[in-house]
Structure formats: structure tokens, C-alpha cells
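Written out below as C-alpha cells is the structure these notes cover.
Derivation of every value follows stated rules applied to the coordinates shown; laboratory data play no part. Treat the numbers as computed from the prediction; the structure is a model and nothing was measured. Every residue, glycine among them, receives a Cβ derived from its backbone with ideal geometry; neighbour counts consider all protein chains shown.
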Amino acid sequence: MSELAALEAVTEAVESGAGLPEVVRAAAKALNGSLAVADAWGATLAVAARSPAEERALLSQGKGVSSTPLRVGDTVVGTLHMRVTTASSDSDSGSDSAEPSAQMKRLLVTMIASEVERVRAPERASETAAAEFLRAILRRELTAREELLARASELSLDIEDGASMIVARAHPQAPTDEGWRARVRAVAERGARAVVNRSIAALSEREGAGAVGAEVLLLLPGGEETTAARAAEAVLREMEAGLAGYTFALGRSRIAEDPADLPRAAGEALLAANVAQGGSDGVALAFEQTGAYRLLLSAMTENPSELQRFYAETVEPLLAYDEQYETELVRTLATFLEADGNVAGTAQRLFTHRHTIYYRLERVRELSGLDVSSSDGREKLSLGLKAMRVLGISAAGGPASEAGAEGGRVPGRSGRRTR
């Protein structure tokens, strides 16, 4: 087949609206090879291979397979995996299999990219609508039951029997590509849909969310607590499997039996994610597992400035000192309170000397004006730590380098500590 005839066959497939698989099959004939098309997150959209073995080779990017990004403007919409049969490799058959020209390849790649973009346009429109719906719930712009039901119906969601919310976060530990946040959203949604197939997801775009990485909102239709718990586990499992080199935090709400309670559920999921992000209780928490932190939910959602003010008056000076001098005042204070105010127990848990603990607690008193030896001081500092975690602020420190801490260093420890 001549290049012109091959190009006409591909053009006819595009113009007739035959669909991406037919376009890829026509392009495979034009290129005299096998093709596979994946979307921007790696999901296979279409394959045109001469045999099952050839298909496996394409999808695993085996020997002789080249991969080309599919671009529309500056946006990568997918990848084309290609293995072209050259004249030399097909000479035994005596067929005319001259390798297509570079111009022909480029033109076909462009046409396939445009078709991928066209095919995904309705899906992207649906993703946009879902994102607007979820963000409006989180911002408490949608609170009326009938309006929530109407908006959900537009997205083919049935939430009359209940629904729950998840906030899932991923933070890369090394520089990554430009579209990593979109990939996090896709991976989290894939995990949720493995259990609840009508789940929807969106990047939250909440103010301050960038500081904790990519923050994904997920809505799970249905009133079964056990199903929601399995979906949260599936989200975390999928993220851990598909996002190597990231850290994670996940919070899950209670079931909102009335759709009007969805904004409350979003706040619960956000609070649980904040607590998971800032502590040692695990990377995934249900709202019921947040203990006394639940008492601060109304402050977080209705009056966050008051919560911020209390944090600023208690723990913020300690965190600022830790960040400036790479010390561990916040961690030491938290461990001291967890050890019921026992200095020896704190020193044992932190693998440091008691003199170091006394020194750090004195610095806590000087910086905050609160004395851990008094019940009032301990109570305020404890609430300050809770406010810090509810606000989603993580403590980061390093090996104690302040004066008086020499006896508490652990051999071999260096650099900053991260959560």
C-alpha cells in the first residue's frame, strides 16, 4: 500500500467517527507494524497487533518497541507504542514492507493524538463537573439537600442512601514531572472505583493544599461503612503500588446518611487526613479514630482563624525555632506529653539523655511562656499540638544541635528528619 493510500485509509477512519481502535488499526497498516495507545496515566486505550505475543511485547515495551508521546499543543495526552516491520526483517515473505517515512510517522502520530484528545473530551468534561461538585461541597457552598441531589444526579450519582468522603494526599520525595498531581488523582480514583465503581475524584485546589502535596477529594456513594472502609484501603493500596517515592496521608469520614451532611463529611475527612499527616498514628485514619481531635472539627470548619490563633500563641514559636536551628522541641514536647510527663520515659523513647530533655523543655517554657510542670501549661501546649495537627501543619526537625544537647545525640544520625 502506498503512503498516500494508507493515509487516506486513516483519514477516512477519523472522518467517519469509527473510533480510536479503528483509527489505530488503520495507522498500523499504514506503518506496516503493530501499535498500542495508552492515555496520559498509562491505561491502554487501543491495540492493533498481529498476534497475542506481539500485543504482549507492545504493552510491556519489549525489544524493538519505540514509545512516542502523543501531544496536542503543550499537553501530553498519551503515548504511542510502536513496533514497525522493516523490509529486512520481512524479506523472507517477499512482501513490500518498506519502512514508512519520518514525515508519514509524524503525521500519523499527530492524527492519533488528536483522536485521543477527541475521545477523552467527554470524560474530561465529566471530570471538570465532578471537580466543581466536590470542591463546592468542601467549601460548604452546597448545603441544601435538593440542590446536592440535583447536582449529584447530573453526574449519575445516587447519594440518597448515603455517601462518604475521603481526602487522600501524596507528596513526592524527589522532583517529578509536571503532570504528577493529575496522575495522583487518577490513581486514587482507580483505587476507589475498584470497590465502589461510581466513585468520583478531584484535586481539591484548597488554599494551602499544595504544602501537603497533591490533595484528592473522593466521594463514595453508598451507606455501608464496611464498603467505605474497603474503598479507603484500596485507595491507599493503589497509591502505594502506583506512586513509588511518595509519602501518603488519608482520611475517611463517617457515612453521611443525609446528602445535606456531605459538607460535614468532607470536613471530617479533611480533619482525619490532617491528623494522619502530622502524627504517628498511621498514614490512614477514619474520623472515628481521631479521638479528642474530633472536638476541634467545628473550629476547623467554622472558625479556623481562632484555631490558628491558639496554635500561634502556643506551639508555633517552637516550630519556628525547630526550623531555624534544626532542633526537636515540638517532637520532644509531644513525646513528653505522650509519656505522661515522665522525663525518663521521654528520654528513653527519643534515645537521648535526660539532661537534653530538661534543656529542651526549658526552651519550650522560654519560647511559649508555658511551663510543662504546671497542669495549665501542659493542657494548653497539648491543645496547641492538636491545633497544629488539625490545621495540617507537620513538625519537621533534625538531630538536636542546641547547646546542652550533646549527650543526647544518637551515633550516625545526621540531616533533617521528615514525616
Query raised in the report: How much net charge surrounds Ala28 when only the other residues with a Cβ under 11 Å from the Cβ of Ala28 are counted, with Lys and Arg +1 and Asp and Glu -1?
Result: +2
Query raised in the report: For Ala320 and Thr143, what does the FRET efficiency come to when R0 = 25 Å and r is the distance between their Cβ atoms, rounded to the nearest 0.05?
Result: 0.10
Query raised in the report: When the helices in the chain are scored as -39500 (n - 2.57) per DSSP H run of 4 or longer and the sum is shared across all residues, what 222 nm value do you end up with, to the nearest 500 deg cm²/dmol?
Result: -15500 deg cm²/dmol
Query raised in the report: Can you give the extra length, in nm with one decimal, that the chain gains between Leu367 and Ser305 once fully stretched, where that is 0.36 nm per residue apart less the Cα-Cα distance?
Result: 20.2 nm
Requested in this report: Report the one residue of Thr346, Ala265, Ala228 whose Cα lies farthest in the direction of the positive end of the charge dipole of the chain (charges on C-beta: Lys and Arg +1, Asp and Glu -1; origin at the Cα centre).
Outcome: Thr346
Query raised in the report: Against the longest principal axis of the chain, how steep is helix 225-242, in degrees 0 to 90 to the nearest 10, with axes from Cα atoms?
Result: 70 degrees
Query raised in the report: What number, in percent, do you get for the relative contact order of the stretch 172-288 if the mean sequence gap of Cα pairs under 8 Å and at least 6 apart is divided by its residue count?
Result: 23 percent
Report summary line: With no solvent term and unit scatterers on the alpha-carbon positions of the stretch 263-392, Debye gives log₁₀ I(q)/I(0) at q = 0.14 Å⁻¹ of -0.63
Report task. For Glu8 paired with Ala150, estimate the spin-label separation in nm (one decimal), with each label point 7 Å from Cα along the Cα-to-Cβ line. Result -> 5.4 nm
Query raised in the report: Along the stretch 125-135, what does the Karplus equation 6.51 cos²θ - 1.76 cosθ + 1.60 (θ = phi - 60°) give for ³J(HN,Hα), rounded to whole Hz, x for Gly and Pro?
Result: 4, 5, 4, 5, 5, 5, 5, 4, 5, 5, 5
Query raised in the report: Any idea what angle helix 354-368 forms with the longest principal axis of the chain, computed on alpha-carbon atoms, 0 to 90 degrees, nearest 10?
Result: 90 degrees
Query raised in the report: What is the set of long-range amide H partners of Ala284 at a cut-off below 5 Å, with H atoms built 1.01 Å from backbone N?
Result: Leu250
Query - Cα centroid of the stretch 291-342 to Cα centroid of the stretch 1-80, whole Å - result: 55 Å
Report task. Answer rounded, prolate or oblate for the chain, using the Cα gyration tensor with square roots of eigenvalues a ≥ b ≥ c: rounded when a/c is under 1.5, else prolate when a/b is larger than b/c, else oblate. Result -> prolate
Report summary line: For the stretch 284-363, averaging the sequence separation of alpha carbon pairs under 8 Å that lie six or more residues apart and dividing by its residue count, the contact order in percent is 17 percent
Query raised in the report: What number, in percent, do you get for the relative contact order of the chain if the mean sequence gap of Cα pairs under 8 Å and at least 6 apart is divided by its residue count?
Result: 11 percent
Query - Check: the chain dipole with +1 on Lys, Arg Cβ and -1 on Asp, Glu Cβ, in debye - result: 1120 debye
Query raised in the report: Hey, if you put +1 on the Cβ of every Lys and Arg and -1 on every Asp and Glu Cβ in the stretch 289-399, which of Ile393, Leu370, Thr335 ends up farthest toward the positive end of that dipole?
Result: Thr335
